[in-house]
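Colleague: One structure follows; several queries about it will come next.
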Amino acid sequence: MNMGKEIRGRIIKAIGGFYYVEAADTVYECRARGVFRKKNMSPLVGDLVTAVVLEDGTGTVSEITPRKNQLVRPPIANLDQLILVVSICDPAPSTLVIDKMIAAAEEQGIEPVLVVSKTDLQDAGWLRAIYEKAGIPFYAVSSVTGEGVEAVRPLLQGKITAFTGNTGAGKSSLLNCIDPAFGLATGEISQKLGRGRHTTRHVELLPVEGGYVADTPGFSFIQIERYNMVKKEDLQFCFREFAPYLQSCRFVSCSHVKEKGCAVLEAVEKGQISPSRHESYVAMYNEVKDIKEWQLK
């Protein structure tokens, strides 16, 4: 009786109960062991797994390596970075929305990268000033002129990256500039299916530039906002430029919203922290401060 051989690899696609595990340039079609169901746990795209495979290329996922992070929507694990594609105009950017996305990434230990598109139409200097001061990697690109695209490409090497952006932000155009093979037909697909119908196709990791890019249909800012909220006591750690000042506050439980003797507020007054970033923090804090733990689930 053939017991099969054990392999270690990464799930690059999951669809209808099948998990496609890539190991040493071969992809194996696997099912998951029943034990995961008992534990109420599903393998996710991005998971590093052990599988037992047979000669016909099919197998069974037997073990999931502990994840460093995971997103609920889209369902994906072990992301290294989240590239937020925001247009400088048409539609105009909201710093609050950008800051919510960055905080969601920071909380999961995913490196946030801000890519501002359509810079052939308008200057992105004011946004650059805010985010460079905050220590967030910032890139300005134009998919029309191709300007800035070459700087984004090396970011993908050896990493698992998800791109997110709202409709019209130019996410697909940017990906097509980076790698024409991507050929993201997301616009056509959503037109065919009609907006808002069942556009949740499966998530897939596509090899790009020596890393993987997650093809996450319909992955927009709204999804992150809805499914990945940050608790109020963790929020301060999701604004990386607050870090040098957190120990200096007069009160241990300082909320950094309006307390006297708050080192973060002093840093805002001195121009060391961007007012717009602090305003976002306050808005987010007020949004979650009354939410109970069970409601975040």
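Colleague: Tell me, for the chain, which Cys residues have no other cysteine's C-beta sitting closer than 4.7 Å.
Modeller: Cys30, Cys89, Cys177, Cys238, Cys262
Colleague: Next question, about the same structure. Student exercise: in the stretch 1-139, how many lysine pairs 8 or more apart or on different chains have Cα atoms under 24 Å apart?
Modeller: Taking the stretch 1-139 as the scope, the lysine pair count is 10.
Colleague: Using a basic spin-label model with each label point 7 Å from the Cα along Cα→Cβ, how many nm lie between Ile15 and Glu111?
Modeller: 3.1
Colleague: Further, regarding this structure: Using θ = phi - 60° and the Karplus curve 6.51 cos²θ - 1.76 cosθ + 1.60, what whole-Hz ³J(HN,Hα) does each residue of the stretch 93-105 get, with Gly and Pro shown as x?
Modeller: x, 10, 5, 5, 5, 4, 5, 5, 5, 4, 4, 4, 5
Colleague: Assuming R0 = 22 Å, what is the FRET efficiency of Lys231 and Leu96, from their Cβ-Cβ distance, to the nearest 0.05?
Modeller: Values: r = 18 Å, r/R0 = 0.83.
In this case the efficiency is close to 0.75.
Colleague: Aspartates and glutamates near Lys260 by alpha-carbon distance under 15 Å, same-chain residues fewer than 8 away left out - which ones?
Modeller: Glu269
Colleague: What is the distance in Å between the Cα centres of the stretch 63-109 and the stretch 135-171?
Modeller: Between the Cα centre of the stretch 63-109 and that of the stretch 135-171, the gap is 14 Å.
Colleague: Could you check the simple spin-label distance between Ser248 and Arg8, using points 7 Å along Cα→Cβ, in nm with one decimal?
Modeller: 4.5
Colleague: Follow-up. Principal axis lengths of the stretch 23-139 from Cα atoms, whole Å, largest first?
Modeller: 57, 28, 23
Colleague: Right, another one. What's the extension gain from Ala151 to Asn69 if we count 0.36 nm per residue and subtract their Cα-Cα distance?
Modeller: Details: separation 82, 0.36 × 82 = 29.52 nm, distance 2.63 nm.
Going from the current span to full extension adds 26.9 nm.
Colleague: What does DSSP give for the chain in terms of the percent of beta bridges that are antiparallel, rounded to the nearest 5? Write out the running numbers ahead of the final one.
Modeller: Values: 29 of 52 bridges.
Among the beta bridges of the chain, antiparallel pairing accounts for roughly 55 percent.
Colleague: So how do 172-180, 90-98 stack up, highest first, on mean other-Cβ count within 10 Å?
Modeller: Working: 172-180: 18.6, 90-98: 15.4.
Output ranking for 172-180, 90-98: 172-180, 90-98.
Colleague: A further question follows. Which trypsin sites (Lys or Arg not before Pro) does the stretch 99-130 hold that lie in a coil by DSSP with at most 15 other beta carbons within 10 Å?
Modeller: Values: sites: Lys100, Lys118, Arg128; in loops: Lys118.
Sites meeting the loop and neighbour criteria: none at all.
Colleague: Here is a further query. Amide H to amide H, which residues 5 or more places from Ala140 or on other chains are under 5 Å from it, using H placed in the peptide plane?
Modeller: Val116
Colleague: Same structure, new question: If you restrict to DSSP beta bridges whose two residues both lie in the stretch 6-150, what percentage is antiparallel, to the nearest 5?
Modeller: Details: 22 of 37 bridges.
In the stretch 6-150, approximately 60 percent of DSSP beta bridges are antiparallel ones.
Colleague: Something else: Which percent of the accessible area of the stretch 1-136 is formed by carbon and sulfur heavy atoms (probe 1.4 angstrom)?
Modeller: On the way: 3260 of 6490 Å².
Carbon with sulfur: 50 percent of the solvent-accessible area.
Colleague: Okay, next question. How big is the stretch 119-160 by Rg and Dmax over its Cα atoms, in Å?
Modeller: Calculated on Cα positions, Rg and Dmax stand at 11.7, 32 Å.
Colleague: Follow-up question, since we're still on this one. Explain nothing, just compute: Karplus ³J(HN,Hα) = 6.51 cos²θ - 1.76 cosθ + 1.60, θ = phi - 60°, for every residue of the stretch 53-68 in order, whole Hz, x for Gly and Pro.
Modeller: The phi angles translate into 10, 9, 4, 7, x, 9, x, 9, 6, 10, 8, 10, 5, x, 7, 8 Hz.
Colleague: Listed highest first by mean packing, meaning other Cβ atoms within 10 Å per residue, what order do 263-273, 246-256 come in?
Modeller: Working: 263-273: 16.5, 246-256: 13.8.
Answer by packing, highest mean first, reads 263-273, 246-256.
Colleague: If you plug each phi of the stretch 74-87 into the Karplus form 6.51 cos²θ - 1.76 cosθ + 1.60 with θ = phi - 60°, what whole-Hz ³J(HN,Hα) values come out, in order, with x for Gly and Pro?
Modeller: x, x, 8, 10, 6, 6, 8, 8, 10, 9, 8, 9, 10, 8
Colleague: Can you compute the helix-only [θ] at 222 nm over the chain? Use -39500 (n - 2.57) per DSSP H run of at least 4 residues, normalise by all residues, nearest 500 deg cm²/dmol.
Modeller: Details: 12 runs with 89 residues, N = 297.
Value at 222 nm, helices only, nearest 500: -7500 deg cm²/dmol.
Colleague: Using only the alpha carbon atoms of the chain, find the Kirkwood hydrodynamic radius as the inverse mean reciprocal pair distance, in angstroms to one decimal.
Modeller: Details: mean 1/r = 0.0479 Å⁻¹.
In the chain this quantity evaluates to 20.9 Å.
The values are calculated or read from the model by the stated rules, or taken from the named source; none is laboratory data. Not measured: the values here are computed from a predicted model. Heads up, the Cβs are rebuilt from the backbone with ideal geometry, glycines too, and the neighbour counts pull from every protein chain shown. Only protein heavy atoms, including side chains, enter the accessible area calculation; ligands, DNA and RNA are left aside. Shrake-Rupley method; radii C 1.70, N 1.55, O 1.52, S 1.80 Å.
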